[in-house]
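Notes follow the structure.
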């Protein structure tokens, strides 16, 4: 990658856009991610926050930062979670705009410029996101117009492949207002991100972290919008890091969902979410039981889902102190 200074591309600011990316065992994705910034013609400062990777990712990030002065690296000694990791540079952001982008993303040429330009032209839009596509160019689930207990039931009970098939059959990838967009790539004004205090760090690793953020960005003025636009696209590779820690992924997804519905819907919604998550975990245990005798995959599924059930009883997410909305 060439080391030409990207700061000189926009005369209005040293860095028009700050990008925050949290990494965990992202060694296989991070090079392609950083290289995709070569085709983003605007001033960018990239904050790479490593969440105590064990695969040498942190040293890789330091090497990239030594090559490109627009890259800053923050290294955590423990995994603080995705939400808290995204918050770490917040006090140091001096750019007009901030993007949250996952490391398992490849930016299409000019995508960030399109998203920043969209915010500059639409004062009522608090956050904008691109359409996510697979490596073969097929759009996939990257936004939600609603997030209800019915959605939680579908996501928790149905197999993931079937859920994705349903989205593929019925979803339209046109420009539209949404409740929230994928946390894989979302751009907002830095002042708004700082005003709401960033992400709620109780969301360790779950789809609801960005849902909560978008709700709070609009707080006080429901005319404010979150938009997904197909004029910008990213390739979302789907990180392999989560597969290395299946229990952490399953548990924090369950914990985050229950916490979210309790936070935004009260005790009835929280209890219903708890029942859905507990029931789906129990169902997965029962399905895995006969498979566990014949395959390592079945054993792993049984072990991980049993641990989630156990943890739901020991560390009930309904008793997490609700942070200010």
Problem set entry | Candidate set: the range 193-231, residues that are free of Cβ contacts under 8 Å to residues at least 40 places away in the same chain and in a loop (DSSP other than H, G, I, E, B); chosen: the one surrounded by the most Cβ atoms within 10 Å (Cβ to Cβ) | 196
For this session: Please indicate, with yes or no, whether at least one residue in the range 90-98 is at pLDDT 95 or above, under 28 Å from residue 261 (Cβ atoms) and part of a strand (DSSP E or B).
Result: yes
Problem set entry | Check on residue 73, at pLDDT 90 or above, in the same structural domain as residue 191 (by TED's automatic domain parsing) and within 18 Å of the chain's Cα centre (by Cα) | no
For this session: Being in contact with a helix residue (DSSP H, G or I) (Cβ under 8 Å, 6 or more places away or on another chain) and outside any strand (DSSP E or B) is the filter; apply it to the range 11-25 and report the residue that is modelled with the lowest pLDDT.
Result: 14
Problem set entry | When residues of the range 130-144 are limited to those that are farther than 13 Å from residue 108 by Cβ and not in a loop (DSSP other than H, G, I, E, B), the one modelled with the highest pLDDT | 144
Seminar exercise, completed: For the range 61-84 the number of residues that are under 27 Å from residue 209 (Cα atoms) and out of contact with any strand residue (DSSP E or B) (no Cβ under 7 Å at 6 or more places or on another chain) is 5
For this session: Residues being out of contact with any helix residue (DSSP H, G or I) (no Cβ under 7 Å at 6 or more places or on another chain), surrounded by 15 or more Cβ atoms within 10 Å (Cβ to Cβ) and closer than 16 Å to residue 119 by Cβ: count how many of those fall in the range 182-192.
Result: 2
Exercise. Which of the residues spanning the range 70-87 are assigned to a loop (DSSP other than H, G, I, E, B) and more than 13 Å from residue 52 (Cβ to Cβ)?
Worked result: 70
Exercise. Yes or no: residue 310 surrounded by 13 or more Cβ atoms within 10 Å (Cβ to Cβ) and not assigned by TED's automatic domain parsing to the domain that holds residue 204?
Worked result: no
Exercise. Assuming residue 81 fulfils every condition listed in (1) over 15 Å from residue 25 (Cβ atoms); (2) within 21 Å of the chain's Cα centre (by Cα) apart from one, which condition is it?
Worked result: (1)
Problem set entry | Single residue of 152, 119 found to be buried (at least 17 other Cβ atoms within 10 Å of the Cβ), touching a residue at least 60 places away in the same chain (Cβ under 8 Å) and not assigned by TED's automatic domain parsing to the domain that holds residue 37 | 152
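Here is a yes/no grid of residues against (1) assigned to a helix (DSSP H, G or I); (2) at pLDDT 90 or above:
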{"position": "286", "(1), (2)": "yes, yes"}
{"position": "294", "(1), (2)": "no, no"}
{"position": "297", "(1), (2)": "yes, no"}
{"position": "300", "(1), (2)": "yes, no"}
{"position": "306", "(1), (2)": "yes, yes"}
{"position": "309", "(1), (2)": "yes, yes"}
{"position": "322", "(1), (2)": "no, no"}
{"position": "325", "(1), (2)": "no, no"}
For this session: Return the only residue of 83, 94, 43 being in the same structural domain as residue 20 (by TED's automatic domain parsing), buried (at least 16 other Cβ atoms within 10 Å of the Cβ), closer than 22 Å to residue 197 by Cβ and touching a residue at least 12 places away in the same chain (Cβ under 8 Å).
Result: 83
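The values are calculated or read from the model by the stated rules, or taken from the named source; none is laboratory data. None of the values given here were measured: they were computed from a predicted structure. Note that each Cβ is placed from the backbone with ideal geometry, even for glycine, and that neighbours are counted across all protein chains shown.
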